[in-house]
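What follows is a short report on a single structure.
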Amino acid sequence: MSDIETRFTKAVWLIRNGPPKADTSNEEKLKIYALFKQATEGDVTGSQPYSVQFEKRAKWDAWNANKGMSKEEAMKKYCELMDADPNWENHEALKNMPAGWKVGDK
C-alpha cells in the first residue's frame, strides 16, 4: 500500500469512527463525500438527478466536479482536507482501527 493509500485509509477510518465535528459545513461535507467517491469509484456515472432531489443533486454535482481526476489525486486531496487539523494522524480514535482494515470494510 502506498503512503497516500495508507493516509487515505486512516482518514476514512477517522471520518467514519471518530467524534463528529460540529463545525463542519455542508460544503465541506460535500467535498469530503465527492473526493471519497472519486477515490473509490472514479468518475460519476448515471444521469444528474432532478433539481428537486436536493441532496442527491448536490452530491452528484459535487462528485461530477471531480470528473477526470485520478483516484490517487482524489485520495491526496481528501487527505489535504484532513490536514486542516495538523494532528489528525495522531487522533486517539485511530488507536481503535483494526490492523488490515480497508476502506470497503464496515
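Each reported figure results from applying straightforward, stated rules to the coordinates on display, with no laboratory input. Computed from a prediction, not measured in an experiment: that's the story for all the values here. As a convention, Cβ positions derive from the backbone with ideal geometry for all residues, glycine included, and neighbour counts pool all protein chains shown.
Points to keep in mind about this one:
- Residue ID - nearest to ASN96 (Cα to Cα), chosen from residues in the range 10-62 that are of a type in the set (Asp, Glu) and without any contact (Cβ under 8 Å) to a residue 12 or more places away in the chain: ASP23
- Filtered by the rule that a residue be out of contact with any Gly (no Cβ under 7 Å at 6 or more places or on another chain) and either surrounded by 13 or more Cβ atoms within 10 Å (Cβ to Cβ) or among the basic types (Lys, Arg) (or both), the range 61-71 gives ASP61, ALA62, TRP63, ASN64, ALA65, ASN66, LYS67, MET69.
- Index of the failed condition, TYR33 passing every other in (1) exposed (fewer than 14 other Cβ atoms within 10 Å of the Cβ); (2) under 14 Å from the mean Cα position of the chain (by Cα): (1)
- Filtering the range 63-74 to residues that are without any contact (Cβ under 8 Å) to a residue 40 or more places away in the chain and either over 13 Å from ALA39 (Cβ atoms) or acidic (Asp, Glu) (or both) leaves ASN64, ALA65, LYS67, GLY68, GLU73.
- Among the residues of the range 44-60, those identified as exposed (fewer than 15 other Cβ atoms within 10 Å of the Cβ) and not β-branched (Val, Ile, Thr) are GLY46, SER47, GLN48, TYR50, SER51, GLN53, PHE54, GLU55, LYS56, ARG57.
- The residues of the range 27-62 that are under 23 Å from SER2 (Cβ atoms) and not hydroxyl-bearing (Ser, Thr, Tyr), listed by number, are LYS31, ILE32, ALA34, LEU35, PHE36, LYS37, GLN38, ALA39, GLU41, GLY42, ASP43.
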